[in-house]
Amino acid sequence: MEVLKEEEEGKEAAKQEAAAEAVAEPAAEPLEEGEMMQPQEVGRRGTIMTQEMLRDLEKKLLGIEITVPEKPSIITKDTIDISKLPCSYQSNTPEEEHLLEVADNFSRQYSHLCPDRVPLFLYPLNECEVPKFVSTTIRPTLMPYPELYNWDGCAQFVSDFLSMEPLPDPLKPPSHLYSSTTVLAYQKGNCFDFSTLLCSLLIGSGYDAYCVNGYGSQDLCLMDLTREPCPLTVKPKEALWEKEEAPPKKYAVRPPRDLTSRFEQEQERKRQEKIKAEEERRQREEEERLQEVDSTGTDPLHGLRVHSWVLVLSGKREVPESFFIDPFTARSYSPQDEHFLGIESLWNHKNYWINMQDCWNCCKDLIFDLGDPVKWEYLLLGTDKPRLSLVDEEDDTLSEDYDIENLGKEDEDKCFDMPHSWVEQLEISPEVFETRCPNGKKVIQYKKAKLEKWAPYLNSNGLVCCLSTYKDPECTKILEVKEWYQNREDMLELRHINKDTGLIVDYFKPGHPQALRVHSYTSMQPEMDRVMEFYKTVRVDGLIRREETPKTMTEYYERRPDFLSYRHVNFGPRVKKITMNSTESNPRTVLKITERFFRNPAKPADEDVAERVFLIMEERIQLRYHCRENHITASKREFLRRTEVDSKGNKIIMTPDMCSSFEVEPSEHTKKLLYQYETMMQLKKEEKLCRHQAWESELEVLEILKLREEEEEAHTLTISIYDTKRNEKSKEYREARERVMHEEHLQQVEAQLDYLAPFLAQLPPGEKLTRWQAVHVKEECLSDFKQRLIDKANLIQARFEKETQELQKKQQWYQENQVTLTAEDEDLYLSYCSQAMFRIRILEQRLNRHKEMAPLKYMALEEKLCKDPRLAELLKSFV
Amino acid sequence: MNRLYNSLEPRVMDDDMLKLAVGEQGPQEEAGLLARQEGILFKDVLSLQLDFQNILRIDNLWQFENLRKLQLDNNVIERIEGLEKLTHLVWLDLSFNNIEAIEGLDTLVNLEDLSLFNNRISKIDSLDALVKLQIIYLRQFKNLRALSLSGNPIAEAEDYNMFILAYLPDLVYLDSRHIDDHMKGLAELKHQFSIDELKHRENLIQARLEDEQARREELEEHKAAFVEHLNGPFLFDSMYAEDVEGNKLACLHGAGELLEAYKDKFVVICVNIFEYGLKQQEKRKVELDTFNECVQEAIQENQGQGKRRIAEFEEKHLLSLSAIRDESELSNLEKKIVECSKDISELFNTLMTLEMQLVEQLEETINMFERNIIDLVGLFIENVQSLMAQCRDLENHHHEKLLEIAISALEKMVKGELEEDLPDEVRALFVDKDTVVNAVGSSHDIHLLKIDNREDELVTRVNSWCTHLVDKIHKDEIMRNRRRVKEINQYIDHMQNELDNLECSDIID
């Protein structure tokens, strides 16, 4: 090892020497401002002058790196098989060497100029112990998954996919920075691995993203979310829809005069405010108290903990404002966030910048104008990063123009592009992408909440995500549980369980056999409190919602041809039936049915029923009609159907007092008894129908409950037909097809088999066949084929004979030993005999068949040869 | 049943026959009893069957306004008549009669099924023009879907089927048989030429009607703006239409050009008036629309409040009513009834207050609108008058010029220097100065009169429109108020009655 290192050093040194001149110029360029220049000049000359100095520095540099205490990380060198890694991992290209030179130079200048700042994180070692510049570790990649096209998807993926491990030394950047391919393979990494991978993905999908080396809070560095509320529990702020007040119209009526006392109102308002303020104060106090509890044990290392995250600058991909992404949690933060305590440096795949601004106030005052050399010191010149601030642009334009004109050529020469990344193409296989979290499971602890995630199909009931919310910060008392499901055959999407009330709400995706959308219940027993909502476009009867309590059932409809909108049924107690054969369901007695209807535009308002109440116990029917236009009262009608027989026992058909009505605009024909009688008959019929429908609804509820129970029991998962991996059917089909294809291919090969090839090969190549040769070839071929047929026949014959002989021997043996044989042996012998007979019979058949087929085959070949284009001409003339 | 199949005596459709038929075919069983008690009005009958009655003439059916289905088969009817009032008729059966022509059905626009089976609808020569007209006559019934004509001489024509299918493409059943698309296609092909011609003619008529309609509408619009016939030289032309002298004088040398120039200027002013009028009309319309919209909004809001109040009341009222029914103690009962009636009167008060409030609000708004619209009209009149004054100025100017020309012409004529050939009647004017001046003056007078008349007409009409509008608004508001008050009273009375009835029955109990 030691020797190797030295060798490498030597190599490096030699290369450095060669490139020294060229390197020094561009590297020094950015710093050549003001008086800082002088000391570097000296240093640089020194490097050119003596090789010893160079080596010295080299060693010093190495020394710096060695001082980083190497704590055993989980991905140790032993676990990584270095030998299989490509050579770009194991060595540096000349460009990379050059770059390292530049970086080295830069770092020296930097440490000279800013002796009080920590050394730069420029070229950590990779998994093969080769120093690699951080920018070249970023490998911009666009993944072939639509989920990874946007930043939030990328961040979520990275945070899910890798499991976090803390930095070996929380106060220093790590000594090693592995390639993203290795990190992906082992699904583990520290914050630098996380941010490098995320940065690669983000730059690949077009974001202006940067890895940041800086300082974060303890929570951030240790991925401790227990003080953060879960993002899933935070309700999205309701966008306040300020209704645009239409300007008062010219002739708008004046509102009636307000006669209430202003003074009283004022007093009332004041009182309310006071109460509110009091409440607020109490709440604030409470919060403060809680916060105190929370913030106990402040971090002694606050502000010193090294962390790495990703900065996304505005501009590209329609990002309106720059923001940070914490790769551990996939959360985005504004640069003003208190978790981010400072930035040392940042880099992307093209360049490296050092923050020259003071971070006394976290990152709140930082200006991310990377083109401004006062605020951000860059490593390489020439990577385009336009200055954003236009403040002193004015003064500089002239001189700059001048400079550009003059120095354009020189600049070009000096420009040094970042070498291409040494990391191999990042690849994520679909299986791994779907499994996501290591082992497909991940648990995150939030403040008063716990989030668990699983890969799809990992749980047999399709559970993919579970969020438990707790009442107390210690997470002992569960408040509610939300479970998300995927690929369920019953289309269950989300189950929300409230532990306090015991209320369970199931949400379904479209496609449930009963068109269920939401089902909220406390128990699966019928005739309890429950609400079912349906997908209205699916149901033929237009039902959208059914609410149940132990005594009532309310249904809401929409878009029905009979304009029914609402039906409310009151049930009475169940009547005990004496008959025991309870195959028929025993419906409860119905006390009252209320139905409401939408306005039917085809009917006049006076004939369009708005509400219909069947008071079944009182034998009354109440009708309320729709309100006419420009009216405030509606017609009403009430039918009594109690008296069927009068005092003398005569059947009463209809008397005026059986129907009392109020009509807004009395009309002639509705007064008639006949009309009333017909209406009542109609209503009676409809009452029957309504009761039947109520009964059917009850049955349907029972059916749905049964179905739900069965579904819960079975919890089968559906597999998309596009899911080639899981769908057994399609897999079989595909395999069958492949097999068929393979066979076809074989046949084709056979068809293309050239019978003449071996014989033609004997002849001198490239010459035309003479007739004699053609005949000869044909004969040869035929004779060869004949020989083969004979051989085959002989072979079959030989086997046949062998088989027969063996059988005979066995039979002989049997006859000799028949007396001494056990039953077992006899069985064995018999089975052998039958098998042998079978074999013999088959061989016999084959032989016969061969004998039959051989002449035909021979003839076929002859014909084929005659038709062969190479021989046909010659043979034809011959024939 | 007194169906006299063999009797050759034709019968008359009289009241008795109709009553009998209605009674027989009306509601049965219990409902029939009720119906007999009350009697059935002919206008409530929806379907009527009058077969095998030996009817000769259709008559006395005018009362059956709402009849949908009428069966007059197996009679001896000779003409289709007396069906004009049955506009709702959908189903008409006239088979087995002696009808000779399809006629008298013009008002039955809803007709869907027409059966003329076994009649005497004749052919003279095979499908001649007259018969064709019979079929084309049926084209006006857009809803006709079923037709049966077989058993008529007409149906014996060789391409009877084809002909009918081609000319009545919306038909679904012909002679009780469903028409298949194939036959329809064939028929169409066969008679394509004549049908196209027919369609073309119909389209032309339609287009002409539409054109006329559009023109009429435009004129209406202009009339609404009170500036009709001002977008051209109509006024000018009318000025000269009755002006004999003026036309004569136009022949004078120089008068023609003068007249042309005058006309141009005059027409420009007229068009100005026209455009101004349209603009003002638009303004008035916007004003009126805004007003109507606002009033409607206010009324709707008020109605909404009223409905809410009533709904609240009814909810409470129902509860208290049932409580009263269940109450047995007399003192409690009385207390509750009193409470209930108090509720009713309270509702009455709130509803009336609401209504009064609305009336006040609307009154204010209407007054404001009235002021504004009167202002608008005033402004319009003022501007039109000033424009008309310009017209008059022009006329005066023209008059002076014409006078000059006339006098100079007279002088020339007196001197005998007039070289042009003037018609004799014009020459007759130039006898002396007075005659000439009189002629020019009278022409001028006529012109001024015309202009004045037009102006007066405009002003009176616009004013009357304005007063009419305002009156109507006031009247409508009053009517609305009365209706609402009546409605409220009716409702409250009903409620009170209900309560009283309850009281009575309770006391009786």
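The values are calculated or read from the model by the stated rules, or taken from the named source; none is laboratory data. As the structure is a computational prediction, the values presented were derived from the model and not from experiment. Positions of Cβ are generated from backbone atoms using ideal geometry, with glycine treated the same way; all protein chains shown enter the neighbour counts.
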**Item:** Candidates A:Glu711, A:Glu698, filtered to the one that is over 30 Å from A:Gly462 (Cβ atoms) and more than 12 Å from chain B (Cβ to nearest Cβ)
**Value:** A:Glu698
**Asked** Quick one: B:Asn372 ticks every box in (1) away from chain A (no Cβ under 14 Å); (2) in a helix (DSSP H, G or I); (3) not hydrophobic (A, V, I, L, M, F, W, C) bar one, so which box is it?
**Response** (1)
**Asked** Within the bounds of region B:312-329, is there any residue that is in contact (Cβ under 8 Å) with a residue 60 or more places away in the chain and away from chain A (no Cβ under 14 Å)?
**Response** yes
**Complete:** Being in the same structural domain as A:Arg546 (by the TED database) and without any contact (Cβ under 8 Å) to a residue 24 or more places away in the chain narrows A:Lys684, A:Lys706, A:Lys731 down to just A:Lys706
**Request:** Within region B:459-509, track down each residue that is of a type in the set (Val, Ile, Thr) and either more than 10 Å from chain A (Cβ to nearest Cβ) or under 19 Å from B:Ser322 (Cα atoms) (or both).
**Result:** B:Val459, B:Thr460, B:Val462, B:Thr467, B:Val470, B:Ile473, B:Ile478, B:Val485, B:Ile492, B:Ile507, B:Ile508
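Among the residues in region A:821-837, are any over 30 Å from A:Lys768 (Cβ atoms) and not in a helix (DSSP H, G or I)?
yes
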**Message:** Anything in region B:64-93 that is out of contact with any Leu (no Cβ under 8 Å at 6 or more places or on another chain) and exposed (fewer than 15 other Cβ atoms within 10 Å of the Cβ)? List them, or say none.
**Reply:** B:Glu81, B:Glu84
**Request:** Test each condition in (1) assigned to a helix (DSSP H, G or I); (2) surrounded by 15 or more Cβ atoms within 10 Å (Cβ to Cβ); (3) of a type in the set (A, V, I, L, M, F, W, C) for B:Leu422 and report the one that comes out false.
**Result:** (1)
**Message:** Give all pairs with beta carbons closer than 6 Å in which a residue from region A:211-232 that is at pLDDT 75 or above meets a residue that is surrounded by fewer than 18 Cβ atoms within 10 Å (Cβ to Cβ) and among the hydroxyl-bearing types (Ser, Thr, Tyr); count only pairs at least 6 apart in sequence or on separate chains.
**Reply:** none
**Request:** Look at A:Lys316 and say whether it is of a type in the set (Lys, Arg) and in contact (Cβ under 8 Å) with a residue 60 or more places away in the chain.
**Result:** yes
**Message:** I'm told A:Lys729 meets every condition in (1) among the basic types (Lys, Arg); (2) surrounded by 10 or more Cβ atoms within 10 Å (Cβ to Cβ); (3) more than 30 Å from A:Val590 (Cα to Cα) except one. Can you identify the failing condition by its number?
**Reply:** (2)
**Prompt:** Does B:Leu114 satisfy being touching a helix residue (DSSP H, G or I) at 6+ places or on another chain (Cβ under 8 Å) and more than 14 Å from every other protein chain (Cβ to nearest Cβ)?
**Reply:** yes
**Request:** For region B:475-494, state whether one or more residues are touching a His at 6+ places or on another chain (Cβ under 9 Å), surrounded by 14 or more Cβ atoms within 10 Å (Cβ to Cβ), free of Cβ contacts under 8 Å to residues at least 12 places away in the same chain and assigned to a helix (DSSP H, G or I).
**Result:** yes
**Item:** Listing of helices (runs of 4 or more DSSP H) fully contained in region B:168-270 that carry 3 or more residues being under 30 Å from the mean Cα position of the chain (by Cα) and surrounded by fewer than 16 Cβ atoms within 10 Å (Cβ to Cβ)
**Value:** B:192-224
**Counted residues, region A:523-534 - those being more than 18 Å from A:Lys706 (Cβ to Cβ) and in contact with a Leu (Cβ under 8 Å, 6 or more places away or on another chain)** = 1
**Request:** Just one of (1) in a helix (DSSP H, G or I); (2) farther than 24 Å from A:Arg495 by Cα; (3) away from every other protein chain (no Cβ under 14 Å) trips up A:Gln676, so point out which.
**Result:** (3)
**Prompt:** Do you know which residues across region A:129-161 are in contact (Cβ under 8 Å) with a residue 40 or more places away in the chain and closer than 22 Å to A:Glu452 by Cα?
**Reply:** A:Leu148, A:Asp152, A:Cys154, A:Ala155, A:Gln156, A:Phe157, A:Val158, A:Ser159, A:Asp160, A:Phe161
**Message:** Can you find, within region B:276-311, the residue that is nearest to B:Glu346 (Cα to Cα) among those that are in contact (Cβ under 8 Å) with a residue 40 or more places away in the chain and away from chain A (no Cβ under 14 Å)?
**Reply:** B:Gln281
**Request:** Take the residues in region A:596-621 that are surrounded by 18 or more Cβ atoms within 10 Å (Cβ to Cβ) and of a type outside the set (A, V, I, L, M, F, W, C), then tell me which one is modelled with the lowest pLDDT.
**Result:** A:Asp606
